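Notes to accompany the following structure.
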Ligand code: SDX
């Protein structure tokens, strides 16, 4: 007999099934609530509402736990390659050597984008934000592969679209960068690894040899793994709800890119660096900016701080912070912004306002410092976040379809005008 919860409404008692997750998380199943009681629930921002049952990622915000398919991110970030983790997130199991070799070979086979996509760049303004270009390029891919629009597509066709996306996103991301700096596009060099190939397309030039730095490749590998999935965050939920209408995978990922762009979400890594540079330029008075962040009448927030789920440390931020010191040390880079970030973190974590609200540095607080150290411009930081998050978005989209989840369509509580008759123009 499954566990039941009781709800009393107007003297009547209703029973709600209790769902228990793998890690003993508890949920009230309200799927029949309206039919049996006439009531709906209201939960702005879905802070207390589960949208699905998922087997991809487990996180515990109180204990700072994050696992992909049961494997702790600390072990994956240290020991695995990004494509290995992508395979794990997509398929549910770590690949054997033969499976990984075959996966990598398939990805290599699809790194080129259609030559006609180069013409898109002629139309964008010089200062176009990379995320605006990338979101439209990814949606446009559905027009180059119209068979991907068929909701009755075969599993093989879905698999091909997944491989095309994982293979072509780095190529498109590098093209967006080359277009921004007005350098020639670099074609992929498939004998390189996935991350080294991205570095080659980003920083290589047709006039000289380019040797990807192992230190930078290792740092990027770690960063992409740490961003690979994060259960039902804003952009993953967007991908799920767009996909739930049977929109194709390219359109769903494009919507995820748009959601990620927001400074409260993936756009925070760009906003953190801009904030740290502003504080430095303003004379480095940390107390002034901490007070502004605490002031309800001031729109300023400490970017890179706080999280919907982590009310304790974000385990990814801990790993990235350690990596910051290692990478800047190995590259021999002194970055005053890192010093400001560490001081800001110290001051904030000793402040009652942040402690009481469980506001700690999140994944975006330190990642931008590493991206900048390896030569990636600030406006490309959220593109880097998307490169990491792509396998997670795809896995969430596929799980939603495989589970037969219904089209997402929340209800509302109407608070507008009651019924009233039309007033002719001459009488208004
Ligand atoms: C990501 O969901 C995910 O998993 C996302 C992500 C992923 O991997 O996909 O982890 C990636 O998006 C990380 C978050 C990046 N965003 C930022 O760093 C932007 C700054 N942070 C905030 O805007 C905020 O913390 C959010 C958006 C991240 C979370 O907001 P919530 O959960 O809606 O919390 P809230 O806005 O209700 O804040 C609770 C309280 C409020 O004060 P009170 O009304 O209780 O007095 O904390 C305050 C907020 O004002 N607060 C902050 C703050 N964040 C929250 N005050 C100052 N600075 C901040 N950064």
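Every number in this text was worked out from the coordinates using simple rules, so none of it is lab data. It should be emphasised that the depicted structure is a prediction, and the values quoted were computed from it without experimental measurement. Backbone-built Cβ (ideal geometry, glycine too); neighbour counts: all protein chains shown.
Taking a ≥ b ≥ c as the square roots of the Cα gyration tensor eigenvalues, the stretch 268-373 comes out oblate, since a/c reaches at least 1.5 and a/b does not exceed b/c.
Among 143, 337, 37, 22, which comes first, then next, by fewest other beta-carbon atoms within 10 Å? It would help to have the intermediate numbers written out before the result.
On the way: 143 12, 337 18, 37 15, 22 8.
Starting with the residue having the fewest Cβ neighbours, the order is 22, 143, 37, 337.
Each listed q (0.13, 0.17, 0.31 Å⁻¹) maps to a log10 I(q)/I(0) for the stretch 365-415 from the Debye sum over equal C-alpha point scatterers, namely -0.57, -0.69, -1.13. Computed from the Cβ-Cβ distance with R0 of 22 Å, the FRET efficiency linking residue 28 to residue 55 stands at 0.60. Computed from the C-beta positions of residue 352 and residue 297, the FRET efficiency with R₀ = 25 Å rounds to 0.85.
What is the diffusion coefficient of the stretch 178-317 in µm²/s, taking the Kirkwood radius over Cα pairs and the Stokes-Einstein relation at 10 °C with a viscosity of 1.306 mPa s? Taking Rh from Cα pairs, D becomes 86 µm²/s.
The ranking of 205, 131 from fewest to most other beta carbons within 10 Å of each one's beta carbon is 205, 131.
For the pair residue 322 and residue 63, the difference between a 0.36 nm per residue extended length and the Cα-Cα distance amounts to 91.3 nm. Projected label points at residue 182 and residue 423, each 7 Å from Cα along the beta carbon direction, are separated by 5.7 nanometres. Scaled against the 2.2 N^0.38 Å expected of a compact globular protein of N residues, the Cα radius of gyration of the stretch 337-379 reads 1.34.
Oblate is the label for the stretch 4-50, because a/c, from the alpha-carbon gyration tensor with a ≥ b ≥ c as root eigenvalues, is 1.5 or above and a/b does not exceed b/c.
Residue exposure proxy: 138, 376, ordered by other Cβ atoms within 10 angstrom of their Cβ from fewest to most, comes out as 376, 138. The helix-based estimate of mean residue ellipticity at 222 nm for the chain, built from -39,500 (n - 2.57) per DSSP H run of four or more residues and divided by its residue count, is -16000 deg cm²/dmol to the nearest 500.
The Cα-based radius of gyration of the chain, divided by its Kirkwood radius, gives an Rg/Rh of 1.00. If you wrap the Cα atoms of the stretch 173-255 in a convex hull and average its projected area over all directions, you get 7.0 nm². For the stretch 400-428 versus the stretch 129-199, the inter-centroid distance based on Cα atoms is 37 Å. The overall shape of the stretch 31-85 is prolate: from the C-alpha gyration tensor, with semi-axes ordered a ≥ b ≥ c, the ratio a/c is 1.5 or greater and a/b exceeds b/c.
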